[in-house]
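Reading through the structure tokens given below for one structure.
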Amino acid sequence: QVCTGKVSGTGTIRSYEIPTATISGTQTICPHTSGNLSVALTAHAPWSYKYRLVGVDTIQKIGIASSPNLISVNKAGTYNLLEVYDKNCKGTVTGNAIITIAPAPDVELTGLAPAYDKQSSEWVLITGTPAGGNYSGPGLVPYNSKWYFLPALAPVGSNNIIYSYRVNPSSCYGYDTALVRVLESSAL
């Protein structure tokens, strides 16, 4: 005797594309600035990935909706990816990016005392070395090819006076900052 059975149900097999992530963006940046690395992603959003500055930090980015994804960095070293996932699968990672910090010139700002009276009428000569840079901050006045700090023009409180200098338009700036307090005359 031969028996026959019944069959029921269906099965679905889905084939997903394996995601990939490639990091790039080797560059040289100036001190105290940032550079952007690029992570190109394939397959299906949203993605998550981990990257690291070799020997230092591991950072995870989650819910990335578009490719390429930019990463802002400000530390020198080699950056690479550790893993990537899209909404369906774990994928493969490739590439690296090297960030180099360019040298900046040594800069010095001189001539300022730590505090001044707001009622003072003095003109304080300030000097930036090497010469030829830029001065910024409250109470500064250029006069006769020199720069002066006038306490009467600066607000009461703590003020940052900054001198910046670079060797040429394509080089990095060096900075020196002086913290100057301007006080009401009764506080001196």
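The values are calculated or read from the model by the stated rules, or taken from the named source; none is laboratory data. Please read all numbers here as calculations on a predicted model, not as lab measurements. Note: ideal-geometry Cβ built from the backbone for every residue, glycine included; neighbour counts use all protein chains shown. Surface areas here come from the heavy atoms of the whole protein model, side chains and all, with no ligands, DNA or RNA. Shrake-Rupley method; radii C 1.70, N 1.55, O 1.52, S 1.80 Å.
A few points about this structure:
- Here E184 sits with roughly 90 square angstrom of accessible surface, probe radius 1.4 Å.
- Total formal charge among the other residues, if their Cβ is under 13 angstrom from that of S120, Lys/Arg +1 and Asp/Glu -1: -1
- Among the protein heavy atoms, those of K146 account for about 100 Å² of accessible surface (1.4 Å probe, every chain in place).
- Subtracting the Cα-Cα distance of T58 and S170 from 0.36 nm times their residue separation leaves 37.1 nm of extension gain.
- DSSP bridge orientation in the range 80-188 - percent antiparallel, rounded to nearest 5: 90 percent
- Here the Kirkwood formula, the inverse mean of 1/r across different C-alpha pairs, assigns the range 117-182 a hydrodynamic radius of 12.6 Å.
- Farthest toward positive dipole pole in the chain [+1 Lys/Arg, -1 Asp/Glu at C-beta], among V141, P155, L81: L81
- Only lysine pairs 8 or more places apart, or on different chains, with alpha-carbon atoms under 25 angstrom apart are counted in the range 58-170, and they number 4.
- Ranking by accessible area, most exposed first, for C3, C172 with a 1.4 Å probe: C3, C172
- Rounded to 0.05, the FRET efficiency of the T129 and Q27 pair, given R0 = 25 Å and the Cβ-Cβ distance, is 0.25.
- Centroid-to-centroid separation of the range 6-29 and the range 34-54 [C-alpha atoms, Å]: 15 Å
- Å³ per residue enclosed by the Cα convex hull of the range 1-126: 213 Å³
- Inter-label distance, T4 to K75: 7.1 nm, where each label sits 7 Å from its Cα along the C-beta direction.
- When every Cα-Cα distance of the range 10-53 is counted in 10 angstrom steps from zero, the calculated P(r) takes the values 19, 37, 23, 12, 6, 3, 0 percent.
- Positive dipole terminus of the chain, leading residue within G132, I23, I99 (C-beta point charges): I23
- The chain, accessible surface, carbon-and-sulfur percent (1.4 angstrom probe): 51 percent
- Per-residue SASA entry for D106, accessible area with 1.4 Å probe, Å² rounded to 10: 140 Å²
- On a per residue basis, the chain carries 61 Å² of accessible surface, using protein heavy atoms and a 1.4 Å probe.
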